[in-house]
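Read-outs: derived from the displayed coordinates by stated rules, not from any lab. Please read all numbers here as calculations on a predicted model, not as lab measurements. Cβ atoms come from the backbone with ideal geometry, glycine included; neighbour counts cover every protein chain shown.
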Amino acid sequence: MPTNEIPSDLLAGWQVVLNEDDPDSLDVAQYILEYYGATVHTAVNGQIGLSLVRQVLPRIVISDLSMPVMDGWEFLTALRQDPLIKDIPVIALTAHAMRGDRERVLAHGFNNYISKPLTADTFIGELIALMMNIPYLSAALNI
């Protein structure tokens with residue numbers, strides 16, 4: 001879907017937790033998510049992110065894989081072990097998009113992944129495409 005056809009209230013009312021330690025990627029993702037109406041809660045590592053998820057109970061989590069303190073892999077393992085939050089969809093962010101990475105990410109329990117670097121031109125389109133494949137999220141989209 002071209003970005004000029006995406007309604008600006010696409011994510012209105014959504015709570016999103018964004019785990020990202022790279023300031024540029026964090027700024028791009030947060031700006032775009034907020035532009036489309038989401039309330040974004042940010043964390044620079046998985047430990048803070050896990051605490052936020054438990055407090056906020058977001059509709060979706062977007063998490064970098066390589067972070068200090070608790071990386072994205074450890075974050076997802078802890079999230080999936082908590083009965084209160086285990087079913088929240090989590091999209092991985094990775095700068096290491098190589099052959100086999102998608103399978104590894106999915107096998108670990110992520111719902112999907114987006115490759116970095118993030119750009120304003122492609123991020124929301126990629127995110128929408130991934131969310132359309134998650135019934136819980138596609139039903140909630142304002143499209």
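Using only alpha carbon pairs under 8 Å that are at least six residues apart, calculate the relative contact order of the chain and give it in whole percent.
Taking the mean separation of contacting Cα pairs over the length of the chain, I get 24 percent.
Each of 81, 130, 37 was scored by the projection of its Cα onto the charge dipole of segment 14-143, and the greatest displacement toward the positive side belongs to 81; charges sit on the C-beta of Lys, Arg, Asp and Glu. Packing order of peptides 25-33, 13-21, highest average first: 13-21, 25-33 (average count of other Cβ atoms within 10 Å over each peptide's residues).
Net charge dipole, segment 58-101: roughly 140 debye, given to the nearest 20, about the Cα centre with Cβ charges of +1 for Lys and Arg and -1 for Asp and Glu. Placing a pseudo-label 7 Å from each Cα along the Cα-to-Cβ vector at residue 120 and residue 54 gives an inter-label distance of 3.7 nm. Take every pair of alpha-carbon atoms less than 8 Å apart whose residues are at least six positions apart; their mean separation over the length of segment 63-143 yields a relative contact order of 23 percent.
For segment 10-18, putting each phi into the Karplus relation 6.51 cos²θ - 1.76 cosθ + 1.60 with θ = phi - 60° gives couplings of 3, 10, 4, x, 7, 9, 10, 9, 10 Hz, in residue order, rounded to whole numbers and with x for Gly and Pro. Database remark: amide H of residue 63 closer than 5 angstrom to the amide H of 19, 91, 92, 93 (H placed geometrically; neighbours at sequence offset of 5 or more, or on other chains; Pro and chain starts carry no H).
The simple spin-label model puts a point 7 Å past each Cα toward its Cβ; for residue 107 and residue 27 those points are separated by 3.7 nm. Converting phi to 3J(HN,Hα) with the Karplus coefficients 6.51, -1.76 and 1.60 and the offset θ = phi - 60°, segment 100-106 yields x, 5, 4, 5, 5, 4, 5 Hz in sequence order, with x at every glycine or proline. In the set (1) 16.1; (2) 14.9; (3) 15.4, the label that goes with Kirkwood radius over Cα pairs in Å computed for this structure is (2).
Mind checking the dipole of the chain: about its Cα centre, +1 per Lys or Arg Cβ, -1 per Asp or Glu Cβ, Debye to the nearest 20? The calculation lands at about 480 debye.
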